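This report refers to the structure that appears directly beneath it.
The values are calculated or read from the model by the stated rules, or taken from the named source; none is laboratory data. What you see is a predicted model; the values in this text were computed from it and never measured. Cβ coordinates were reconstructed from backbone atoms using ideal geometry, including for glycine residues, and neighbour counts include every protein chain displayed. Heavy atoms of the whole protein, side chains included, go into the accessibility calculation; ligands, DNA and RNA do not. Shrake-Rupley method; radii C 1.70, N 1.55, O 1.52, S 1.80 Å.
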Amino acid sequence: MAENHPDLQEDIEVDRETRLIEPPMYRVYLINDDYTPMDFVVDILMTVFRQSKEKATETMLHVHHQGKGLCGIYTYEVAETKVDAVHEIAEENGYPLRSVMEKNDL
Ligand code: TYC
């Protein structure tokens, strides 16, 4: 029992405290489509999601084959800014590329 183990009780309290101050996190995904060029998607992953060329290529190919792929996990406002940036840059260039965010349930 925790009450008989001071260290364990302390760990539970620290954990409860930590969870209280940790903000909810959101997964940001890219969605596949038939029109956006692969190199454009790689550029988006490098600039918006700060992925290396190698990682961006891997993510793009995953999205291309699986239909959807994880780009990063962020706080709500950062995730929303990434999604908006993808849509703005894609629209500017006439591509239908879409991004979505989903709450990362613990
Ligand atoms: N399927 C696209 C093509 O063949 C490439 C692509 C990858 C598009 C990922 C969108 O999120 C995407 N040109």
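Excluding ligands, DNA and RNA, the accessible surface per residue across region 23-103 is 60 Å² with a 1.4 Å probe.
The phi-based Karplus calculation (6.51 cos²θ - 1.76 cosθ + 1.60; θ = phi - 60°) puts the 3J(HN,Hα) values of region 92-106 at 3, 9, x, 10, x, 3, 10, 10, 10, 10, 9, 4, 8, 5, 7 Hz, whole numbers, x for Gly and Pro.
A DSSP coil position with no more than 14 other Cβ atoms inside 10 Å describes the following chymotrypsin sites (Phe, Trp or Tyr not before Pro) in region 20-106: Y35. Amide H to amide H, with H built 1.01 Å from N, T75 comes under 5 Å of Y26, counting only residues 5 or more places away or on other chains. The heavy atoms of T81 offer some 90 square angstrom of accessible surface to a 1.4 angstrom probe.
Computed from the C-beta positions of D43 and L106, the FRET efficiency with R₀ = 35 Å rounds to 0.60.
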